[in-house]
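Working notes, structure below.
Values in this text are rule-based calculations from the coordinates and carry no lab data. On a predicted model such as this, the values are computed, not experimentally measured, just so you know. Virtual Cβ from ideal backbone geometry, glycine too; neighbours counted across all protein chains shown.
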Ligand code: CIR
């Protein structure tokens, strides 16, 4: 294991395409507005860049409406990258499309071959371990295959449960620093963060749990003042980013990037 799990030299994002309006969603609250989505995405990329990281913005993949949510396609560790096998059939091809991009940054690009499934949104990498939430998209076989792959680099994988009805494990939590996790009360109540300091999202602000720590900044979706205040009071520097359109497709701050520091 190498490097701090919240400091990054690189990020990969993908601009939303026209087809993003057809992205998967648990509840239909209307298609996202493409122009607003693009504007939010640009703000997001600028904030990542403001920390000094090198941010790649890939071209839209119109055949894959959810391709803007690049996080689900790979797990990027300092030692190498692992291409995921998304549990959503419409998203399988997105992972394959990410493999050649990752090879530009890494000597070692491995892949989950199946039969299991696993999506990056279910994986929280901390300083001590890799937590993977079993979910509608990630099954036990996918987690076992990941465990086998990352053991060569000395990582321990711990399987945990994603709350019922929640898309991904990280829909409900994010890493804040080496010992701190931001989480919803419903997820923290499961006890899976024992040994970590937990900051809970504000009442009625569960959607703020999908934030990201990126170098010196905490990127938090706009519109969750209680959670932003809690983080700010705890000493973290907040940047609020509009997320109304990604949220229509169950997406948040983590889903929009792969964040990594390849060990050269
Ligand atoms: C999906 O259902 O796959 C997309 N509409 C949202 C993916 C969000 N990704 C993430 O939480 N990592």
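Sorted ascending by nearby beta carbons within 10 Å, beginning with the fewest, 94, 119, 205, 237 become 237, 205, 94, 119. Dividing the summed helix terms, -39500 (n - 2.57) for each DSSP H run of n ≥ 4, by the number of residues in the chain produces a 222 nm estimate of -6000 deg cm²/dmol to the nearest 500. With only the Cα atoms considered, the range 10-260 has a convex hull volume of 112 Å³ per residue. Global size of the range 209-264: 12.3, 40 Å for Rg and Dmax (C-alpha atoms, Rg to one decimal, Dmax whole). Note: relative contact order over the chain, using C-alpha pairs below 8 Å and six or more positions apart, is 24 percent.
Whole angstrom only: what separates the Cα centroid of the range 219-257 from the Cα centroid of the range 173-216? If we compute the Cα centre of each part, the gap is 12 Å.
Look at the alpha carbon pairs under 8 Å that are at least 6 residues apart: their mean separation over the length of the range 186-232 gives a relative contact order of 34 percent. Highest mean first, the peptides 182-195, 147-160, 75-88 sorted by other C-beta atoms within 10 Å per residue fall in the order 75-88, 182-195, 147-160.
For the range 45-182, the alpha-carbon radius of gyration amounts to 1.02 times the rule-of-thumb value 2.2 N^0.38 Å expected for a compact globular protein.
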